[in-house]
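Working notes, beginning with the structure itself.
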Amino acid sequence: MAVKLGVIGGGVMASAIVSRLLAGGTYQSTEILISEPTLSQREALHQQYGVGVTDDNNLAAMSPVLMLAIKPQVFDRVVAQLSPLSNNPQLVLSILAGVKIAQLEGAFPDRAVIRTMPNTPATVGMGITALSAGARVDAAQIELATQIFQAVGEVITVPESLLDAVTGLSGSGPAYIAIAIEALADGGVAAGLPRPIADRLALQTVLGTATLLNESQIHPAQLKDRVTSPGGTTIAGITKLEQAGFRSALIEAVIAAATRSQELGK
Ligand SMILES: NC(=O)C1=CN([C@@H]2O[C@H](COP(=O)(O)OP(=O)(O)OC[C@H]3O[C@@H](n4cnc5c(N)ncnc54)[C@H](O)[C@@H]3O)[C@@H](O)[C@H]2O)C=CC1
Ligand SMILES: O=C(O)[C@@H]1CCC=N1
């Protein structure tokens, strides 16, 4: 069967996206070719997903749809090593933080380019991906990109000027939430809970709160007010959070990550 999707870089995000594309039937394993320099990673991808693997980026780049899943720091080097013949894909999808549509269009002349920002909950189909289309993209290509990223969760379309901010929030956000869950569990241990119980309580509290907000569509501030009894435990905890700058820490984290995304595109 002919390869339909080539992927350059077979790391964390490529694995997450490819696994969901296969599970959802968007592509068959024989229709995907991943180029990856690390032998053990190639073997793992082939064994786990049955996809084609290669150490030659030019082979992956010949596919009609090419997904770039390398680190932004190696983008220039990877592009410089692609031969003109492999400048064949009709559609290039980039998941690279920071790398701009203009850079992508310069690297793939005459090809349609869509810059995207997915996130790691993609692994379980609960991701959210923002797409931003370049000038050469037609409606069918936006539809195809949407279909590909819907395999890993929600898809939204934004102007490119917002993609660095998206990166700072939803791209990097899973790490902030993971730290929050770890810290909540540490707090539980500090308050006397056995570790396994603290871990379970912390995780389910975040999962349950996110699900409740999502399903009820109430504002987070309303939910906070519902939990907070006058003179009770929650307001005692919130007072400490405010003293420690919890809100501003999160705000500053998103801004710092967005700023770093901008820097990566320079
Ligand atoms: N990890 C995350 O949560 C997210 C990452 N991204 C973006 O996705 C991209 C990939 O990130 P990860 O998957 O986390 O990184 P990763 O390090 O897990 O994967 C990158 C892969 O590229 C391979 N690679 C290195 N040099 C190469 C070359 N010359 N040719 C081909 N492959 C090469 C590496 O061996 C590695 O397997 C980055 O650009 C990042 O900005 C986007 C959204 C979320
Ligand atoms: O940390 C990074 O640069 C990548 C982009 C978004 C999430 N991880």
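The values are calculated or read from the model by the stated rules, or taken from the named source; none is laboratory data. Keep in mind that this is a model prediction, so the values were computed, not measured. With ideal geometry, Cβ positions are generated from the backbone for all residues, glycine too; neighbour counts draw on all protein chains shown. When the accessible area is computed, the model is the full protein with side chains, heavy atoms only, and any ligands, DNA or RNA have been set aside. Shrake-Rupley method; radii C 1.70, N 1.55, O 1.52, S 1.80 Å.
A few points about this structure:
- Condition check for residue 231: more than 30 Å from residue 154 (Cβ to Cβ) and outside any loop (DSSP other than H, G, I, E, B): no
- Among residues that are surrounded by fewer than 18 Cβ atoms within 10 Å (Cβ to Cβ) and farther than 25 Å from residue 264 by Cα, residue 141 is not included.
- Single residue of 157, 233 found to be within 30 Å of residue 99 (Cα to Cα), open to solvent by 90 Å² or more (accessible area, probe 1.4 Å) and without any contact (Cβ under 8 Å) to a residue 40 or more places away in the chain: 157
- Identification of strands (runs of 3 or more DSSP E) wholly contained in region 1-106 with 3 or more residues that are more than 16 Å from ligand 2 (Cβ to nearest atom) yields 5-8, 32-35, 52-54.
- Per the listing 210, 165, 183, the residue uniquely closer than 19 Å to residue 250 by Cα and surrounded by 15 or more Cβ atoms within 10 Å (Cβ to Cβ) is 165.
- From the options 240, 266, residue that is under 30 Å from residue 104 (Cα atoms) and open to solvent by 90 Å² or more (accessible area, probe 1.4 Å): 266
- Taking each residue of region 253-264 that is within 12 Å of residue 175 (Cβ to Cβ) and looking for partners that are more than 7 Å from ligand 2 (Cβ to nearest atom) and assigned to a helix (DSSP H, G or I) with beta-carbon atoms closer than 6 Å, six or more apart or interchain, yields 253/176; 254/168; 254/169; 257/168.
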